[in-house]
1. For segment 283-312, which residues satisfy the criterion of being part of a loop (DSSP other than H, G, I, E, B), out of contact with any strand residue (DSSP E or B) (no Cβ under 7 Å at 6 or more places or on another chain) and either at negative phi or surrounded by 13 or more Cβ atoms within 10 Å (Cβ to Cβ) (or both)?
2. Mind checking which residues of segment 14-39 are assigned to a loop (DSSP other than H, G, I, E, B) and at pLDDT below 95?
3. Could you check segment 128-235 for strands (runs of 3 or more DSSP E) lying wholly inside it with 1 or more residues that are out of contact with any helix residue (DSSP H, G or I) (no Cβ under 9 Å at 6 or more places or on another chain), modelled with pLDDT under 95 and under 21 Å from residue 303 (Cα atoms)?
4. Just checking, how many residues over segment 57-94 are within 16 Å of the chain's Cα centre (by Cα) and either outside any helix (DSSP H, G or I) or over 18 Å from residue 132 (Cα atoms) (or both)?
5. Can we say residue 63 is buried (at least 16 other Cβ atoms within 10 Å of the Cβ) and out of contact with any helix residue (DSSP H, G or I) (no Cβ under 9 Å at 6 or more places or on another chain)?
6. Testing residue 121 on (1) part of a loop (DSSP other than H, G, I, E, B); (2) at pLDDT 95 or above; (3) in contact with a strand residue (DSSP E or B) (Cβ under 8 Å, 6 or more places away or on another chain), one condition comes back false. Which one is that?
7. Which one is farthest from the chain's Cα centre (by Cα) among residues in segment 274-293 that are in contact (Cβ under 8 Å) with a residue 60 or more places away in the chain and more than 17 Å from residue 180 (Cα to Cα)?
């Protein structure tokens, strides 16, 4: 969910870029006159989701759920939907993508925005996830077990991209692309030839010349996401760790795939599958082939494997 890949320049398309959630945000529209409205819509969506779902804000709804662990807590419609999306992802991946990994990430030192993580903090004991099935979501209220900490990072960014792209297309009538940290969603009429999106397995500037080993694909609907271990890394007790955690152990996933890119009917589904594939390691390739989704996997040594009709 973390390696940056973004849209390559497309003729007739207007774009705006800024930084939010410690990652690059890009909105692109097929009608330049719609760009200001599109940017405002995306910024508003980011703000609303942050207030509902951030685990780094003490005033977020998610923080209130964590604080009240063991008790039913009322939640607004946005957090309720985000939790439902996260629980669906957990169910579809047999728990490889699990929203109860918040405690594991805290133990690894990921307790604040990544650019503020303390590299000298003393490592804590590994904390396996409580298990997604322990989360009780009943309409507008939720209850989690005592001691559980939630983290929606595995789904919320892609889900927000889907919501924002749909909002831009519906409000302006233009074709829209929204990329949040490289998780890309498109909606409305695509430009001629589709949205040209560059896929990389290292973080970089999407406006810079493509680095060796990158690929450019065309997307007309749905979404594209890349998950990997190359970005969102930090030091914990002098040891480099990353944010993709195996929920069963609380340990960062083994270094099998540097990145996995997947295209699907939505950015949320693409990111769910790509994240689960990184967690599954060697078992990911047969699983992806069974799903039949276009996917590109890059090993720790830089070898590329594709399946599901990913273009050559």
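1. The answer is 301, 303, 312.
2. 21, 22
3. Hits in segment 128-235: 195-199, 215-219.
4. Number satisfying all stated conditions: 1.
5. yes
6. Checking residue 121 against (1) part of a loop (DSSP other than H, G, I, E, B); (2) at pLDDT 95 or above; (3) in contact with a strand residue (DSSP E or B) (Cβ under 8 Å, 6 or more places away or on another chain), the one that fails is (2).
7. By that ranking, first place goes to 280.
For (1) more than 19 Å from residue 157 (Cβ to Cβ); (2) in contact with a helix residue (DSSP H, G or I) (Cβ under 6 Å, 6 or more places away or on another chain); (3) buried (at least 21 other Cβ atoms within 10 Å of the Cβ), each residue gets a yes or a no:
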position	(1), (2), (3)
41	no, yes, yes
47	no, no, no
50	no, no, no
53	no, yes, yes
58	yes, no, no
68	yes, no, no
73	yes, yes, no
78	no, yes, no
82	no, yes, yes
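The values are calculated or read from the model by the stated rules, or taken from the named source; none is laboratory data. On a predicted model such as this, the values are computed, not experimentally measured, just so you know. Cβ sites come from the backbone with ideal geometry, for glycine too, and all protein chains shown count toward neighbours.
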